[in-house]
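Here the structure comes first, spelled out in C-alpha cells, and everything after it is commentary.
The values are calculated or read from the model by the stated rules, or taken from the named source; none is laboratory data. Everything numeric here is computed off the predicted structure, so don't read it as measured data. Here the Cβ is made from the backbone with ideal geometry for all residues, glycine too, and neighbour counts use every protein chain on show. Side chains included, ligands, DNA and RNA excluded: accessible areas come from the protein's heavy atoms. Shrake-Rupley method; radii C 1.70, N 1.55, O 1.52, S 1.80 Å.
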Amino acid sequence: LVFMEDLAFSIDRGVFLESFRYDHLAEAVGRSIEVQQANVSVSSRGVLRGIHFVDVPVGQSKFITVLAGSLIDFVVDLRVGSPTFGQWQGVRLDEDTRKAVYLSEGLGHGFCALTDDATLTDMCSATYNPGHEHGIYPLDAELGIDWPAREPQLSERDIKSPSLAEARDSGLLPSYEACLGYTRSLARQG
C-alpha cells in the first residue's frame, strides 16, 4: 500500500492533474504496472463499495485517485499469514488534496462516498475477470472498519459477500507467501 501526493498543479485557468506516472510509481513500489483497464465510478454520498479483491495468482494491482468530490478509501490486508492480516487503513481521497493510493495484489479495497458525485478512477494491472474476483462483507464486525456513513448503501453483491472468517475458512483468501512470490516475479519481469 503506497500513498502518493503532489499530483496536481494549480494554474490560472484551473487545475492540471498528472493523474498517473509509471516512473514515479515504479520508484515508490519497486516496479511499474502495465495498465490493462481503467474504471471510473461515480457514487452518491453514503454509497459504500467493497471490500473487493482478486485471486493471486491472476492478481490485480490498482492505482486509485479521485477526480471529483471526496471519499474515504479503505485497504484491507487479506493475505492469510501476513503480520497485518485483517488490518485496514483508510485515507481521504478528494479533489482538493489529489492524493492517490497504490494497492498491491492480495489486498482488499473498498470506499465510502462523502459527497454526491464522488468520482473515483482506478487503473488496473489486469482486466476484469469475474471468475477470480471476490468480496468480503464490508460491515463485518471482525474487520471493524469505521465507515463514515450512518446508513451505508451497499450493492446486492456486497451484502451477500462472506465474512472475513468465512472467506478465510473456505480457502478463498490469498496466502501471504503466494502474494510475495507473485509480486517478486512481477518485479523481475519489469
Query - Tally of residues being in contact with a helix residue (DSSP H, G or I) (Cβ under 9 Å, 6 or more places away or on another chain) and open to solvent by 10 Å² or more (accessible area, probe 1.4 Å) across the range 93-125 - result: 3
Report task. Could you list, in sequence order, all residues of the range 35-78 that are open to solvent by 10 Å² or more (accessible area, probe 1.4 Å) and of a type in the set (S, T, N, Q)? Result -> Gln36, Gln37, Asn39, Ser41, Ser44, Gln60
Requested in this report: Mind listing whichever residues of the range 133-157 are open to solvent by less than 60 Å² (accessible area, probe 1.4 Å) and either under 30 Å from Leu186 (Cα atoms) or of a type in the set (A, V, I, L, M) (or both)?
Outcome: Glu133, His134, Gly135, Ile136, Pro138, Leu143, Ile145, Ala149, Leu154
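Rundown of residues vs (1) modelled with pLDDT of 95 or more; (2) under 17 Å from the mean Cα position of the chain (by Cα); (3) in a strand (DSSP E or B), yes/no style:
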residue	(1), (2), (3)
Glu34	no, yes, no
Val58	no, yes, no
Gly86	yes, yes, no
Gly90	yes, yes, yes
Requested in this report: Scan the range 107-162 for residues that are under 30 Å from Tyr22 (Cβ atoms) and of a type in the set (Ser, Thr, Tyr) and jot them down.
Outcome: Thr115, Thr119, Thr121, Ser125, Thr127, Tyr128
Query raised in the report: In the range 124-140, is there at least one residue being more than 18 Å from Gly81 (Cβ to Cβ), β-branched (Val, Ile, Thr) and modelled with pLDDT under 95?
Result: yes
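Kindly indicate the residue of the range 79-92 that is among the small types (Gly, Ala, Ser) and open to solvent by less than 50 Å² (accessible area, probe 1.4 Å) and also farthest from Ala113 (Cα to Cα) among those meeting that condition. Walk me through how you get there before you give the answer.
Going through the range 79-92, the residues among the small types (Gly, Ala, Ser) turn out to be 81-82, 86, 90.
Cutting the leftovers down to open to solvent by less than 50 Å² (accessible area, probe 1.4 Å) gives us 82, 86, 90.
Numbers: Ser82: 29, Gly86: 22, Gly90: 13 Å.
Once the filter is applied, the top-ranked residue is Ser82.
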